[in-house]
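Read through the structure below, which is laid out as structure tokens, and then see the notes.
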């Protein structure tokens, strides 16, 4: 009798820092169990050995920043039964999406001695802007716990059970005093998806929005609260323009702050 083929996993990188792929490797003991359940076909961060597709599941890190990226992600999608994007770069364009708000040609001219050698699109965009995506894992980097839940769900043929609540709920669970209310510290926790364990507020720092907007973020209300702390519109703009600057809700909030700053 022929032994049933194990699901084949591919892990692919686009424009990113590799942090989310390192989070996969950081699973250590759990990774041994995963590798026993799947065939890792392509994971250049871990091995130079490559098994050709098609892949039952592809994990994609990084954003699309070049024409080559835009073509390559279509090829990966065509070879993937399911495609899951991992991290802020893949789900929202990442920190490099800050270039979306500026002049890329001018950046190229100022930064590089031979700008004619640099090939780059004018934007850094999420994978879902180019191909259909089956699921998104947020974070900068992703949560090891959420990654293992997503992989387990895939192997069991079910939907991942992941939270869509705000970081504020995580603060409540760990008994962390609200830094926004108690200390007047600017914090994106009320509009950011849970998943990090509320690390920054636990150390008396405001949330930076690493996991991007939660399902129903009331950015207008948070912006109004930030103003009561004395934050000027440019400061509000900078707060929303970090790891997930190009996520629609955060992008709209930062642009509203820009418009207010320009208003007479």
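None of the figures in this text is laboratory data; all of them are computed from the coordinates on show. Only a predicted model underlies this, so the values are computations on that prediction, with no experimental measurement involved. As a convention, Cβ positions derive from the backbone with ideal geometry for all residues, glycine included, and neighbour counts pool all protein chains shown.
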To the nearest 10 degrees, the tilt of helix 67-78 (Cα long axis) against the first principal axis of the alpha carbons of the chain is 50
Can you tell me how much longer the chain between residue 39 and residue 74 gets when fully stretched, taken as 0.36 nm per residue apart minus their C-alpha distance, in nm with one decimal? 10.4 nm
Estimated 222 nm signal from helices in the chain, with DSSP H stretches of n ≥ 4 weighted -39500 (n - 2.57), rounded to 500: -11000 deg cm²/dmol
Hull-based mean projected area of the stretch 1-89, where the convex hull spans the alpha carbons, in square nanometres: 6.3
In degrees from 0 to 90, rounded to the nearest 10, what is the angle of the helix 219-228 Cα long axis to the longest principal axis of the chain? 40
Of all DSSP beta bridges with both partners in the stretch 8-156, the antiparallel percent, nearest 5, is 20
D (µm²/s, integer) via Stokes-Einstein for the chain, Kirkwood Rh across alpha-carbon pairs, 4 °C, 1.567 mPa s: value 66
Once label points are set 7 Å from the Cα along Cα→Cβ at both residue 112 and residue 165, what is their separation, rounded to one decimal in nm? 4.6
Taking 142, 34, 24 and counting other beta carbon atoms within 10 angstrom, the fewest-first order is 34, 24, 142
How far is helix 144-156 tilted off the main Cα axis of the chain, in degrees rounded to 10, range 0 to 90? 40
Taking the radius of gyration and the Kirkwood hydrodynamic radius from Cα positions alone, what is the Rg/Rh ratio for the stretch 167-262, to two decimal places? 0.95
Beta bridges by DSSP in the chain, antiparallel share as percent, to the nearest 5: 25
Report the relative contact order of the chain, percent, no decimals, based on alpha-carbon pairs under 8 angstrom and at least 6 residues apart. 16
Alpha carbon centre of the stretch 76-108 versus the stretch 132-165: separation in Å? 19
Extending each Cα 7 Å along its Cβ direction at residue 158 and residue 225, get the distance between those two points in nm, one decimal. 3.4
Max mean-square fluctuation residue, GNM over the chain, Cα-Cα springs under 10 Å, options 87, 41, 189: 41
Residue order, fewest to most surrounding Cβ atoms within 10 angstrom, among 65, 228: 228, 65
